[in-house]
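Asker: Sharing a structure with you now.
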Amino acid sequence: MPTERRAGFTLIELLVALTVFSLAAIALLNVSGENTRAAGRIETRALAAVVAENRAVEVMAAALPPRIGATNGAEQAGGRTWRWTRNVVATSDPDILRIDILVLDPVSPRPAGGLTVFRSLK
């Protein structure tokens, strides 16, 4: 008595297909998570750059040049409080100051951005 072949997949074929699909889904979830983390880092760096540029504009637009030395402060941007440090040093040219601005990440002590500008004393 011949056995009839039924169309369809065997249990092993279904398990293999499910395993392959699961691995692909896990890989896509990992990529999605990494993209989300990268977007957060980019947002942090962009906001830190805005804070640094704000500090640079303030010091460049001031009537008097800043004093030599370090100054610390905080600024609100993007709903977060950013700590910044401005370090003013003399250069080899007595008429020019170097101004380094460092902005710290609000959730960690790591630097999130920075900027260096030069200002004339005249």
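Asker: Short version: ³J(HN,Hα) in whole Hz for each residue of the stretch 8-25, in order, from phi by Karplus 6.51 cos²θ - 1.76 cosθ + 1.60 (θ = phi - 60°), x for Gly and Pro, what are they?
Answerer: These are the phi-based 3J(HN,Hα) values: x, 9, 7, 4, 5, 5, 5, 5, 5, 4, 5, 5, 4, 4, 4, 5, 5, 5 Hz.
Asker: In nm, give the distance between the simple-model label positions of Glu4 and Thr91, each being 7 Å from the Cα along the Cα-to-Cβ direction.
Answerer: 9.1 nm
Asker: Can you tell me how much longer the chain between Thr116 and Ser22 gets when fully stretched, taken as 0.36 nm per residue apart minus their C-alpha distance, in nm with one decimal?
Answerer: Net length gain for the segment: 28.9 nm.
Asker: Which net charge results when you count Lys and Arg as +1 and Asp and Glu as -1 among the other residues whose beta-carbon is under 14 Å from that of Ile42?
Answerer: 0
Asker: Any chance you could check the Cα centroid distance between the stretch 23-61 and the stretch 76-93 for me, in angstrom?
Answerer: A separation of 19 Å, based on Cα centres.
Asker: Further question on the same structure: Once phi is turned into ³J(HN,Hα) by the Karplus curve 6.51 cos²θ - 1.76 cosθ + 1.60 with θ = phi - 60°, what whole-Hz value does each residue of the stretch 98-111 show in order, with x for glycine and proline?
Answerer: Result, ordered by residue: 9, 10, 9, 10, 10, 10, 9, 4, x, 9, 8, x, 6, x Hz.
Asker: Once the Cβ-Cβ distance between Glu34 and Val107 is put in as r, and R0 is 25 Å, what FRET efficiency do you end up with, to the nearest 0.05?
Answerer: Calculated value: 0.85.
Asker: Let me ask something else about it. Please state the charge dipole magnitude for the chain, taken about the Cα centre, from unit charges on C-beta atoms (+1 on K and R, -1 on D and E), reported in debye and rounded to the nearest 20.
Answerer: Taking the Cα centre of the chain as origin, the dipole is about 220 debye.
Asker: For Cα extents along the principal axes in Å, the choices are (1) 45, 30, 23; (2) 107, 30, 21; (3) 41, 33, 23; which was calculated from the structure?
Answerer: It is the value labelled (2).
Asker: Next up: Suppose R0 equals 41 Å; then what is the FRET efficiency for Leu14 and Arg45 from their Cβ-Cβ distance, rounded to the nearest 0.05?
Answerer: 0.30
Asker: Here is a further query. Can you pull the one-decimal nm distance between simple spin-label points at Gln76 and Glu58, each 7 Å off the Cα toward Cβ?
Answerer: It is 1.4 nm.
Asker: Skipping prolines and chain starts, which residues have an amide H placed within reach, meaning under 5 Å, of the one on Asp105, given they are 5 or more residues away or on another chain?
Answerer: Arg110, Ala112
All of the numbers you see were taken from the coordinates with simple rules; none came from a lab. Worth saying up front: this structure is predicted, and the values here are computed from it rather than measured. For neighbour counting, all protein chains shown are included, and Cβ atoms are generated from backbone atoms with ideal geometry for every residue, glycine included.
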